[in-house]
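The values are calculated or read from the model by the stated rules, or taken from the named source; none is laboratory data. Remember, it's a predicted structure, so these values are computed and weren't measured experimentally. Cβ sites come from the backbone with ideal geometry, for glycine too, and all protein chains shown count toward neighbours. Ligands, DNA and RNA are stripped out before the accessible areas are found, and what is left, the full protein with its side chains, is counted by its heavy atoms. Shrake-Rupley method; radii C 1.70, N 1.55, O 1.52, S 1.80 Å.
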Amino acid sequence: MGPPGAGKGTQAEFIAEHLSIPKISTGDIFRKNVSQGTPLGAEAKKYMDAGDLVPDEVTIAMVKDRISEPDAVGGYLLDGFPRNVAQAKVLDAMLEEIGHCLDMVMELVVDDEEVVRRLAGRRTCRDCGQIWHIVFDPPADPEHCDRCSGALFQRDDDKEATIRHRLEVYNEQTAPIVDYYADRSMLVGVDATGPVENVTGRAIAALRRMES
Ligand code: AP5
């Protein structure tokens, strides 16, 4: 977890690869549905464009389906879920019901102005989902992905006014679950400033400490 732009998607990619488990990102699933024009996408888009949370009943059912897929049998990394205390409580119940358990919760810590700088320059690959930044992590060709040559796009919710609203939503609705997990001794805070590879190093070191 962490505010919008903390680097959750960027780091989740590396951590999931390191652990050989799938990354399950609710934001990515919603965006995929929006681009495919599904009813779920049409419903989610209204909230995403405004920077608000998609209603819990929609999000929770979607996560329940996704974690029941065969590739999730050996574990998974959740990115962007849970996002409020109600979702955190439902996740606990859902995991208990299917005999899974939460090993750790990682919080990426970064300040608001850095968030705005990061999100204003973010570009995402339409084909492979790779995340780039026009200044901090630029692709060789500003319009195409270095990894797969797919076209890069800017997210609709990455306008400054929407970013600031997403930060408010994070502080009001998501930040309280930091305490929820800290009280259960599951939370590890990671300094998410500095180069991407340094953040990855700190995140993987935190995972190792948790394992030992
Ligand atoms: P979601 O996609 O989850 O968005 P978010 O939480 O706002 O987070 P972001 O994806 O914007 O940022 P990130 O932390 O992943 O940063 P990134 O790695 O891309 O959700 C979008 C929407 O979907 C929500 O607003 C909501 O409507 C809905 N939704 C999703 N989940 C939901 C839920 N559970 N319940 C209800 N609604 C839900 O990095 C950002 C940029 O910074 C990139 O350009 C990257 O290259 C750059 N960068 C990364 N690390 C560094 C670094 N160390 N230094 C410099 N630049 C960096």
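Results, tabulated for the structure shown:
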{"quantity": "Given (1) modelled with pLDDT of 95 or more; (2) aliphatic (A, V, I, L, M); (3) crowded, with 16+ Cβ neighbours inside 10 Å, number of the condition residue 163 does not satisfy", "calculated": "(1)"}
{"quantity": "Qualifying residue in segment 112-131 (condition: more than 7 Å from the ligand (Cβ to nearest atom), farther than 21 Å from residue 13 by Cα and open to solvent by less than 80 Å² (accessible area, probe 1.4 Å))", "calculated": "yes"}
{"quantity": "Single match in 8, 32, 23 (criterion: open to solvent by 30 Å² or more (accessible area, probe 1.4 Å), in contact (Cβ under 8 Å) with a residue 24 or more places away in the chain and farther than 21 Å from residue 167 by Cα)", "calculated": "23"}
{"quantity": "Residue in segment 74-85 that is under 18 Å from residue 174 (Cα atoms) and exposed (fewer than 15 other Cβ atoms within 10 Å of the Cβ) present", "calculated": "yes"}
{"quantity": "Residue match in segment 172-184 (condition: near the ligand (Cβ under 10 Å from one of its atoms), open to solvent by 80 Å² or more (accessible area, probe 1.4 Å) and without any contact (Cβ under 8 Å) to a residue 12 or more places away in the chain)", "calculated": "no"}
{"quantity": "Per-region count, segment 1-30, residues in a helix (DSSP H, G or I) and either among the β-branched types (Val, Ile, Thr) or within 7 Å of the ligand (Cβ to nearest atom) (or both)", "calculated": "10"}
{"quantity": "Flag for residue 53 being more than 28 Å from residue 116 (Cα to Cα), within 10 Å of the ligand (Cβ to nearest atom) and open to solvent by less than 60 Å² (accessible area, probe 1.4 Å)", "calculated": "no"}
{"quantity": "Candidate set from segment 187-212 (those that are outside any helix (DSSP H, G or I) and over 18 Å from the mean Cα position of the chain (by Cα)); member that is surrounded by the fewest Cβ atoms within 10 Å (Cβ to Cβ)", "calculated": "212"}
